[in-house]
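Enquirer: Dropping a structure here in structure tokens format, bear with me for questions.
The values are calculated or read from the model by the stated rules, or taken from the named source; none is laboratory data. No experiment lies behind these values; they were computed from the predicted model shown. A quick note on method: Cβ atoms are made from the backbone with ideal geometry, for glycine too, and the neighbour counts reach across all protein chains shown. We work out accessible area using only protein heavy atoms, side chains counted, and drop any ligands, DNA or RNA first. Shrake-Rupley method; radii C 1.70, N 1.55, O 1.52, S 1.80 Å.
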Amino acid sequence: MVRHVRSMGLQGLKGYEVSIECYLSGGLPAFDIVGLPDAAVKESRERVRAAIKNSDFKFPVSRITVNLAPADKKKVGTLYDLPVFLGILAAADNIGTLPDDAAFLGELSLSGELRPVTGALPMAVEAKRAGVRQLFLPAGNADEAAFVEGLTVYPVEHIRQLLTHLGGGPKITPANMPSMPEPTGIGMDFAEVKGQEQVKRALEVAAAGGHNILLVGPPGAGKSMLAKRLPSILPRMNRSEVLQTTEIHSVAGLTGKHQPVVADRPFRAPHHTVSAPAMTGGTSTPKPGEISLSHNGLLFLDEFPEFGKQVLETLRQPLEDGQVTISRVAGTVTFPSQFMLVCAMNPCKCGWYGHPAGRCKCSEQSVTNYHSRLSGPLLDRLDLVLEVQALEYDELRTYVPAESSAVIRERVDRARAVQTERYKEAGLNCNARMGPSELKTHCRLEDDADQIMRGAFDRLGLTARSHDRILRVARTIADLDGAEQIHAAHLAEAVQYRTYDFRSG
């Protein structure tokens with residue numbers, strides 16, 4: 001007789017139901033797994049065999065055929081150990097009928113202990129959609145999966161515990177749905193930054209509207225220090241954003257019992273030697289790369305021009321569309337990638353071009369070549385470009401406390417609240433995500449502001465894209481100012497953030 005066990009699979013960020021079909025027949029003993037299993041799934045035969053024997057059951061001396069349906073989807077990972085184990089025991093009549101509304105997943109050790117798997121949260125979300133009411137999975141994944149409402153999650157530590165539960169003995173205590181965790185913070189504060197008031201203002205604008213920003217300045221001016229403190233003034237994530245972010249990190253294997261849910265906005269800072277597949281998502285089975293791991297957070301690229309040209313060009317489409325599509329042999333998947341891009345670079349190769357001390361020895365051609373590593377289309381997708389000046393001695397020695405991140409965040413939160421209310425019908429949460437219809441409705445210019453924009457468009461050689469990005473930044477500045485309309489002062493400040501000359505440094 002064929003026995004069926006419900007389980008789940010994962011393709012990209014989406015889960016799907018997998019039916020484990022187990023059939024014991026006569027003939028020479030064999031153990032075959034079909035249904036496009038990968039190497040890890042095939043190796044489950046030995047883990048299941050040992051776990052059955054170490055659980056005081058006899059391994060069936062039969063021809064065992066296990067089918068993973070649907071058979072046309074690639075099955076990846078070790079999560080099928082548990083359902084295959086149960087299917088074989090059920091087919092051999094060693095255990096009773098399994099509940100129709102229950103699904104099982106988890107990796108088995110040789111002794112029968114359950115080990116955590118990746119992607120538990122998106123699979124739990126899909127399990128609920130598929131009508132599953134009970135989900136049995138490793139205890140290390142229970143807190144993560146318990147965030148799905150309407151699903152009873154049972155944390156299993158050992159297979160004997162599960163068999164006792166299914167056999168009518170003492171029941172496993174379901175995992176409680178945890179409350180939304182408080183962000184832990186990163187322990188960095190703008191109060192520690194001396195001077196650089198103009199740059200702090202620009203970072204506040206970027207945080208309030210979700211805008212991309214580039215900081216250009218000599219070594220030691222504080223570019224990295226400022227960028228690393230930007231998360232401290234970003235608004236906290238809501239429940240939807242927390243679950244989206246956690247799903248991505250779960251698939252990447254970055255969650256666990258120590259951190260079942262990602263409560264802080266991600267801050268990713270890959271080294272400039274990162275490859276294009278690592279940035280977008282790679283391996284034969286696509287997994288999230290740095291672009292997607294930064295979803296709802298920040299992607300910080302220090303030494304911006306030192307990144308490979310191919311790596312930088314991979315940013316263009318995700319910055320525009322808010323998602324990245326990866327095609328591999330195993331299939332095509334799409335990952336979300338709505339992040340703030342924060343970049344830092346020196347004005348030249350040695351870093352001192354334009355410094356009053358005259359320390360730079362780079363030729364004009366060398367400076368031009370250094371800047372030419374950044375393509376025009378990529379720079380066009382940056383909303384703010386700030387020149388970070390080196391601190392003077394008096395600024396460095398001052399002990400006057402600077403404005404704290406908590407104070408700045410209050411202003412940012414007020415501006416974001418205005419934007420959330422404004423775009424609630426469109427499903428947007430910040431000005432940086434405005435489309436053409438929102439720009440037309442919410443970024444109307446008064447006559448004096450329109451004259452400023454016309455002059456900037458002609459003088460700076462703006463494109464249609466940069467024109468729209470200036471309007472989005474101006475809308476954010478107006479929101480910080482509590483203004484309904486974009487005034488000339490708001491637009492003038494937004495234009496000022498795009499006047500850095502890459503031709504001369």
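Enquirer: Return the residues of segment 305-321 that are outside any helix (DSSP H, G or I) and either open to solvent by less than 20 Å² (accessible area, probe 1.4 Å) or of a type outside the set (Gly, Ala, Ser) (or both); say none if nothing qualifies.
Expert: PHE307, THR314, LEU315 - these are the residues of segment 305-321 that are outside any helix (DSSP H, G or I) and either open to solvent by less than 20 Å² (accessible area, probe 1.4 Å) or of a type outside the set (Gly, Ala, Ser) (or both).
Enquirer: May I ask you to list the residues in segment 235-273 that are without any contact (Cβ under 8 Å) to a residue 24 or more places away in the chain and touching a helix residue (DSSP H, G or I) at 6+ places or on another chain (Cβ under 8 Å)?
Expert: Residue satisfying the conditions is VAL262 alone.
Enquirer: Now a separate question. Mind telling me which of the residues GLU446, GLU421 ends up being of a type in the set (Asp, Glu) and either farther than 26 Å from SER337 by Cα or in contact with a Gly (Cβ under 7 Å, 6 or more places away or on another chain) (or both)? Quick ask: steps written out before the conclusion?
Expert: Working: GLU421 fails: either farther than 26 Å from SER337 by Cα or in contact with a Gly (Cβ under 7 Å, 6 or more places away or on another chain) (or both).
Result of the check over GLU446, GLU421: GLU446.
Enquirer: Please pick out the residue among PRO336, PRO288, PRO318, PRO305 that is without any contact (Cβ under 8 Å) to a residue 40 or more places away in the chain and not polar (S, T, N, Q). So that I can check it myself, show each step before the final result.
Expert: Working: PRO336 fails: without any contact (Cβ under 8 Å) to a residue 40 or more places away in the chain; PRO288 fails: without any contact (Cβ under 8 Å) to a residue 40 or more places away in the chain; PRO305 fails: without any contact (Cβ under 8 Å) to a residue 40 or more places away in the chain.
Every option except PRO318 fails the conditions.
Enquirer: What pairs can you find where one residue is in segment 470-483 and touching a residue at least 24 places away in the same chain (Cβ under 8 Å) and assigned to a helix (DSSP H, G or I), the other is acidic (Asp, Glu) and open to solvent by 10 Å² or more (accessible area, probe 1.4 Å), and their Cβ atoms are less than 6 Å apart, with a gap of 6+ or different chains?
Expert: Here the result reads ILE477/GLU493, each pair linking segment 470-483 to a residue that is acidic (Asp, Glu) and open to solvent by 10 Å² or more (accessible area, probe 1.4 Å).
Enquirer: For segment 26-43, give me each residue that is more than 20 Å from SER284 (Cα to Cα) and open to solvent by less than 50 Å² (accessible area, probe 1.4 Å).
Expert: Listed by number, the residues that qualify are ALA30, PHE31, ILE33.
Enquirer: Within the set of pairs 6+ apart or on separate chains, which have a first residue in segment 91-107 that is touching a residue at least 12 places away in the same chain (Cβ under 8 Å) and over 19 Å from VAL156 (Cα atoms), a second that is open to solvent by 50 Å² or more (accessible area, probe 1.4 Å) and in a strand (DSSP E or B), and C-beta atoms under 8 Å apart?
Expert: Going by the 8 Å Cβ cut-off, the qualifying pairs are ALA91/VAL2; ALA91/ARG3; ALA91/TYR23.
Enquirer: Which of the residues spanning segment 5-25 are under 18 Å from GLY77 (Cα atoms), hydroxyl-bearing (Ser, Thr, Tyr), surrounded by fewer than 18 Cβ atoms within 10 Å (Cβ to Cβ) and touching a residue at least 60 places away in the same chain (Cβ under 8 Å)? Talk me through it step by step, then tell me what you get.
Expert: Taking segment 5-25 and keeping what is under 18 Å from GLY77 (Cα atoms), we get 5-21.
Checking the rest, the ones that are also hydroxyl-bearing (Ser, Thr, Tyr) come to 7, 16, 19.
Those still in the list that are surrounded by fewer than 18 Cβ atoms within 10 Å (Cβ to Cβ) too: 16, 19.
The one that is under 18 Å from GLY77 (Cα atoms), hydroxyl-bearing (Ser, Thr, Tyr), surrounded by fewer than 18 Cβ atoms within 10 Å (Cβ to Cβ) and touching a residue at least 60 places away in the same chain (Cβ under 8 Å): TYR16.
Enquirer: So which of ALA478, ALA464, ALA449 is open to solvent by 10 Å² or more (accessible area, probe 1.4 Å), among the small types (Gly, Ala, Ser) and out of contact with any Lys or Arg (no Cβ under 6 Å at 6 or more places or on another chain)?
Expert: Working: ALA478 fails: open to solvent by 10 Å² or more (accessible area, probe 1.4 Å); ALA449 fails: open to solvent by 10 Å² or more (accessible area, probe 1.4 Å).
That would be ALA464, the only listed residue that is open to solvent by 10 Å² or more (accessible area, probe 1.4 Å), among the small types (Gly, Ala, Ser) and out of contact with any Lys or Arg (no Cβ under 6 Å at 6 or more places or on another chain).
Enquirer: Answer yes or no as to whether ALA426 is in a loop (DSSP other than H, G, I, E, B) and at pLDDT 90 or above.
Expert: On the way: in a loop (DSSP other than H, G, I, E, B): yes; at pLDDT 90 or above: no.
Taking the combined requirement at face value, the residue does not satisfy it.
Enquirer: Given the conditions (1) buried (at least 20 other Cβ atoms within 10 Å of the Cβ); (2) closer than 23 Å to ARG3 by Cβ; (3) among the hydrophobic types (A, V, I, L, M, F, W, C), which single one is not true for LEU121?
Expert: Only one criterion in (1) buried (at least 20 other Cβ atoms within 10 Å of the Cβ); (2) closer than 23 Å to ARG3 by Cβ; (3) among the hydrophobic types (A, V, I, L, M, F, W, C) is unmet by LEU121, namely (2).
Enquirer: OK, next. Would you check if there is a residue in segment 99-118 being on the phi < 0 side of the Ramachandran plot, assigned to a helix (DSSP H, G or I) and of a type in the set (A, V, I, L, M, F, W, C)? Give the steps one after another, and end with the answer.
Expert: We begin by selecting, within segment 99-118, every residue on the phi < 0 side of the Ramachandran plot; these are 99-105, 107-111, 113-118.
Adding the requirement that they be assigned to a helix (DSSP H, G or I) leaves none.
No, that holds for no residue.
Enquirer: Among the residues of segment 427-455, count how many are free of Cβ contacts under 8 Å to residues at least 40 places away in the same chain and either touching a Ser or Thr at 6+ places or on another chain (Cβ under 8 Å) or more than 23 Å from VAL412 (Cα to Cα) (or both). Don't jump to the end; show me each part of the working.
Expert: First, pick out the residues of segment 427-455 that are free of Cβ contacts under 8 Å to residues at least 40 places away in the same chain: 427-428, 435-442, 447, 450-451, 454-455.
Filter again for either touching a Ser or Thr at 6+ places or on another chain (Cβ under 8 Å) or more than 23 Å from VAL412 (Cα to Cα) (or both), leaving 436-437, 440, 447, 450-451, 454-455.
Number satisfying all stated conditions: 8.
Enquirer: Output the number of residues of segment 412-421 satisfying the condition of being of a type outside the set (Gly, Ala, Ser) and surrounded by fewer than 17 Cβ atoms within 10 Å (Cβ to Cβ). Show your work before the answer.
Expert: Quick first cut of segment 412-421, residues of a type outside the set (Gly, Ala, Ser) only: 412-414, 416, 418-421.
Keeping just the survivors that are surrounded by fewer than 17 Cβ atoms within 10 Å (Cβ to Cβ) gives 413-414, 420-421.
Adding up the residues that qualify gives 4.
Enquirer: Same structure again: Which numbered condition in (1) buried (at least 23 other Cβ atoms within 10 Å of the Cβ); (2) in a loop (DSSP other than H, G, I, E, B) is the only one that VAL261 fails?
Expert: Failing condition for VAL261: (1).
Enquirer: I'd like the residue in segment 452-461 that is of a type outside the set (Lys, Arg) and assigned to a helix (DSSP H, G or I) and, out of all such residues, is most open to solvent (accessible area, probe 1.4 Å).
Expert: At the first step, the residues of segment 452-461 found to be of a type outside the set (Lys, Arg) are 452-453, 455-458, 460-461.
This time we only want the ones that are assigned to a helix (DSSP H, G or I), so: 452-453, 455-458, 460.
Numbers: ILE452: 59, MET453: 9, GLY455: 28, ALA456: 1, PHE457: 80, ASP458: 113, LEU460: 60 Å².
Step by step, filter segment 452-461, then rank; the result is ASP458.
Enquirer: Mind checking whether some residue in segment 280-296 is touching a Lys or Arg at 6+ places or on another chain (Cβ under 8 Å), closer than 20 Å to GLY376 by Cα and surrounded by 16 or more Cβ atoms within 10 Å (Cβ to Cβ)?
Expert: no
Enquirer: Of all the residues that make up segment 166-209, how many are among the small types (Gly, Ala, Ser), surrounded by 14 or more Cβ atoms within 10 Å (Cβ to Cβ) and either farther than 24 Å from ILE477 by Cβ or touching a Gly at 6+ places or on another chain (Cβ under 7 Å) (or both)? Lay out the reasoning, then the answer.
Expert: First, the residues of segment 166-209 that are among the small types (Gly, Ala, Ser): 167-169, 175, 179, 185, 187, 191, 195, 202, 206-209.
Next, from what is left, pick out any that are surrounded by 14 or more Cβ atoms within 10 Å (Cβ to Cβ): 175, 191, 195, 202, 206-209.
Now narrow it down to the ones that are either farther than 24 Å from ILE477 by Cβ or touching a Gly at 6+ places or on another chain (Cβ under 7 Å) (or both): 175.
Selection size over segment 166-209: 1.
Enquirer: Residues being open to solvent by 60 Å² or more (accessible area, probe 1.4 Å), modelled with pLDDT of 85 or more and under 25 Å from LEU391 (Cα atoms): count how many of those fall in segment 322-360.
Expert: Filtering segment 322-360 down to residues open to solvent by 60 Å² or more (accessible area, probe 1.4 Å) leaves 323, 325, 327-329, 332, 334, 338, 349, 354, 356-357, 359.
Filter again for modelled with pLDDT of 85 or more, leaving 323, 325, 334, 338, 349.
If we keep only those that are under 25 Å from LEU391 (Cα atoms) too, we end up with 349.
Looking only at that region, the number is 1.
Enquirer: Those residues that are surrounded by fewer than 23 Cβ atoms within 10 Å (Cβ to Cβ) and in contact with a Gly (Cβ under 9 Å, 6 or more places away or on another chain), I need them from segment 223-247; list them, please.
Expert: Result: PRO231, SER232, MET237.
Enquirer: Which of the residues that make up segment 364-407 are assigned to a helix (DSSP H, G or I), modelled with pLDDT under 85, loosely packed, with under 12 Cβ neighbours inside 10 Å and of a type outside the set (Phe, Trp, Tyr)?
Expert: ASP394, LEU396, listed by residue number.
Enquirer: I would also like to ask the following. Does segment 368-378 contain at least one residue that is within 30 Å of LYS309 (Cα to Cα) and more than 34 Å from the chain's Cα centre (by Cα)? Can you show your working first?
Expert: First pass over segment 368-378, keeping only residues within 30 Å of LYS309 (Cα to Cα): 368-378.
Now narrow it down to the ones that are more than 34 Å from the chain's Cα centre (by Cα): 368.
The answer is yes; a qualifying residue exists.
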